[in-house]
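Undergrad: Got a structure here, written out as structure tokens. Questions coming.
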Amino acid sequence: MEFWQGFAASTGGDGPFTDRYPAAMPDGTRLVLPLRDYGEIAVAGFIANQAAIAVARRIGSWMAAAARDIGAEVVVGLPTLGQVFAPQVAEALGHANWVAPGWSRKRWYDEALSVPASSSTAPAERRLWIDPRIVHRLAGRRVLLVDDVISTGSSALAGVALLERAGVRPVALLLAMAQGDRWRAGWPADIPVRAAFATPIFMRAPGGWLPRPGSAPAETLTWKDAA
């Protein structure tokens, strides 16, 4: 099966794994993800804008269900791939719009409303911007930050810093996938993390890769099936 184009039956989840990993979904199915070899470890990858529309829609519904009790008043979707899910989540939560930071600076943007950012898959530093004309949507409101994947936490932390530049602190971070546990050490204790699903860090083993025990932090997540 081509990656992230459909859900598979719940089989083959023990390993060792070679080039792919069948990640468990909230409904008991599996989503087959590629394993990325980082040398001493491997991680499961997920590229949201390459996923089948039905797959992205279903993951978005799990995300919205996981966030429903937070009482978010505004959804902010991080570029690029968090913006696959942010409009879905906002609509499911009954919102008329959502807020989209971006990587490019428009002529009227203010540098004070930008922060440097990088990620584990795009390590070169660039700047994250928010349009000053829509900052008023955030003022005094409960803001939910949405992204696709958290790995080291660097891009999500840039999102938190950008919102602080705009005068708000997010009430939670909502994700499609929590990738391992490397992000936990530097993550703010006052911002809960919710995700549709989680994958572990993998360590080398005879025949391929095995999940590192305790590296998929399920206790930080809320998995709820959407109606």
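Where a number appears in this text, it was derived from the coordinates with a stated rule and is not lab data. Since we're looking at a predicted model, the values are computed, not measured. With ideal geometry, Cβ positions are generated from the backbone for all residues, glycine too; neighbour counts draw on all protein chains shown.
Undergrad: For the range 67-129, give me every one of the strands (runs of 3 or more DSSP E) that falls completely inside it and has 1 or more residues that are surrounded by 15 or more Cβ atoms within 10 Å (Cβ to Cβ) and among the small types (Gly, Ala, Ser).
TA: Numbers: elements: 74-77, 114-117, 126-129.
Fully inside the range 67-129 and qualifying: 74-77, 114-117.
Undergrad: Residues in the range 153-181 that are closer than 15 Å to Ala195 by Cβ and β-branched (Val, Ile, Thr): how many?
TA: 0
Undergrad: Here is a follow-up. Within the set of pairs 6 or more residues apart or between chains, which connect a residue that is under 17 Å from Ile134 (Cβ atoms) inside the range 71-92 to a residue that is part of a helix (DSSP H, G or I) and among the charged types (D, E, K, R) with Cβ atoms less than 8 Å apart?
TA: Hits for this filter: Val74/Arg137.
Undergrad: Sticking with this structure for a sec: Can you confirm whether Thr11 is out of contact with any helix residue (DSSP H, G or I) (no Cβ under 6 Å at 6 or more places or on another chain), under 19 Å from Arg212 (Cβ atoms) and among the polar types (S, T, N, Q)? Please lay out each step first, then the result.
TA: On the way: out of contact with any helix residue (DSSP H, G or I) (no Cβ under 6 Å at 6 or more places or on another chain): yes; under 19 Å from Arg212 (Cβ atoms): no; among the polar types (S, T, N, Q): yes.
No: the conditions fail for Thr11.
Undergrad: Just to be sure I understand, how many residues within the range 1-59 are assigned to a loop (DSSP other than H, G, I, E, B) and among the aromatic types (Phe, Trp, Tyr)?
TA: Total meeting the criteria: 4.
Undergrad: Let me ask another. Which members of the range 133-184 meet the condition of being crowded, with 24+ Cβ neighbours inside 10 Å and of a type in the set (D, E, K, R)?
TA: Answer for the range 133-184, where residues must be crowded, with 24+ Cβ neighbours inside 10 Å and of a type in the set (D, E, K, R): Asp147, Asp148.
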